[in-house]
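Structure first, then comments.
The values are calculated or read from the model by the stated rules, or taken from the named source; none is laboratory data. The shown structure was predicted, so the numbers you read here are calculated from the model rather than taken from an experiment. No Cβ is skipped: glycine too gets one built from the backbone with ideal geometry, and neighbour counts run over all protein chains shown.
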Amino acid sequence: MANRLSGKCVLLTGGVANIGFSILDSFVSEGATVAVVDIDEQRGLEVQNRYPGAVKFFRADLTQESDIQEVVKSAAGWLGGINTLCLNAGIQLSGNVEDFDSAAWDKVFSINVRANFLFIKESLIYLREAKKSSVVLMSSLAGKRGGPGLSCYSASKAAIIGLTNSLAIELAKDGVRVNAVCPGWIDTPFNQPIIDFMGGKGKQDSVVQANIPLGRQATPDEVAPLFVYLASDESSYVTAQAINVCGGAYN
């Protein structure tokens with residue numbers, strides 16, 4: 001089915017690489033117009049040039065509230081409003097809790113949690129005006145089921161699930177649906193910090209084989225379709241959900 005997102009005006013964070021780029025590509029393929037927000041200006045402009053007219057890049061440092069405020073206004077101006085907010089941007093830092101620096105903890109929460117809260121807050125006027133809109137947040141299986149070295153990252157992604165649940169109830173009266181996607185092991189460079197903590201790729205492969213019933217990692221292209229569904233009108237009765245994409249590792 002083509003053009004499932006026709007008429008969707010999307011603000012997408014972290015859309016220039018890894019899962020985010022697959023989401024962007026899928027959104028454009030389904031007819032959406034996308035304002036993509038990232039800190040990587042070179043890659044962002046490359047992405048913009050790849051999809052002329054359908055994508056515009058906006059640079060922002062997501063640790064800065066003023067950047068988020070400005071980029072939401074600019075993106076909404078270019079899009080003509082926002083009816084779909086897809087919050088994918090995030091970072092992963094790994095380490096034993098006794099060795100984990102408090103500044104690193106604050107950085108993870110600033111980008112993974114605080115920035116998402118601010119994007120939703122600043123976008124609400126546009127989402128409410130749309131009367132039928134969708135917010136899709138990137139959580140993680142780690143937010144439901146942590147592991148060694150993941151205390152900070154897991155806590156930040158658990159916070160996203162809590163934010164999803166609360167906002168879905170709070171904003172339902174405004175026609176705003178709020179859902180989260182919880183990927184497990186996805187084969188991207190994003191996971192390198194935890195792979196290094198585990199002792200390398202060989203150790204990671206052993207963990208995947210032992211813990212994932214499907215016996216492998218996913219590709220980003222296997223995660224993006226769920227974002228399309230949750231952004232589309234096909235999911236009009238779906239809200240307050242944190243949906244796993246994890247090969248059966250958690251149920």
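The conditions are (1) under 24 Å from TRP185 (Cβ atoms); (2) within 19 Å of the chain's Cα centre (by Cα); (3) in contact (Cβ under 8 Å) with a residue 24 or more places away in the chain, and VAL72 fails exactly one of them. Which is it?
Failing condition for VAL72: (1).
Kindly list the number of the only condition in (1) touching a residue at least 40 places away in the same chain (Cβ under 8 Å); (2) closer than 20 Å to VAL136 by Cβ; (3) in a helix (DSSP H, G or I) that fails for SER166.
Result: SER166 passes all but (1).
For segment 24-63, give me each residue that is surrounded by fewer than 20 Cβ atoms within 10 Å (Cβ to Cβ), over 25 Å from LEU118 (Cβ atoms) and among the hydroxyl-bearing types (Ser, Thr, Tyr).
Result: SER29, TYR51.
Here is a list: SER102, SER74, SER66. Which entry is in contact with a strand residue (DSSP E or B) (Cβ under 7 Å, 6 or more places away or on another chain) and at pLDDT 95 or above?
On the way: SER102 fails: in contact with a strand residue (DSSP E or B) (Cβ under 7 Å, 6 or more places away or on another chain); SER66 fails: in contact with a strand residue (DSSP E or B) (Cβ under 7 Å, 6 or more places away or on another chain).
None of the other options fit; the residue is SER74.
Those residues that are of a type in the set (Gly, Ala, Ser), over 20 Å from LEU127 (Cβ atoms) and exposed (fewer than 15 other Cβ atoms within 10 Å of the Cβ), I need them from segment 64-103; list them, please. Give the steps one after another, and end with the answer.
Narrowing segment 64-103 to residues of a type in the set (Gly, Ala, Ser): 66, 74-77, 80-81, 89-90, 94-95, 102-103.
Then drop every residue that is not over 20 Å from LEU127 (Cβ atoms), which leaves 66, 90, 94-95, 102-103.
SER66, SER102, ALA103, listed by residue number.
Every residue in segment 16-52 that is in contact with a Gly (Cβ under 6 Å, 6 or more places away or on another chain) and in a loop (DSSP other than H, G, I, E, B), please.
First, the residues of segment 16-52 that are in contact with a Gly (Cβ under 6 Å, 6 or more places away or on another chain): 16, 20, 24, 36, 38.
If the condition is that a residue be in contact with a Gly (Cβ under 6 Å, 6 or more places away or on another chain) and in a loop (DSSP other than H, G, I, E, B), then VAL16 is the only one that fits.
Anything in segment 224-249 that is of a type outside the set (Gly, Ala, Ser), assigned to a loop (DSSP other than H, G, I, E, B) and surrounded by 14 or more Cβ atoms within 10 Å (Cβ to Cβ)? List them, or say none. Explain how you work it out, then say what you get.
Taking segment 224-249 and keeping what is of a type outside the set (Gly, Ala, Ser), we get 225-230, 233-234, 237-239, 241, 243-246.
Still in the list and also assigned to a loop (DSSP other than H, G, I, E, B): 237-239, 241, 246.
VAL238, THR239, GLN241, CYS246, listed by residue number.
Considering only residues that are of a type in the set (Val, Ile, Thr) and either farther than 17 Å from PRO193 by Cβ or without any contact (Cβ under 8 Å) to a residue 12 or more places away in the chain (or both), which ones fall in segment 84-115?
Taking segment 84-115 first, the residues of a type in the set (Val, Ile, Thr) are 84, 91, 97, 108, 111, 113.
Result: THR84, VAL113.
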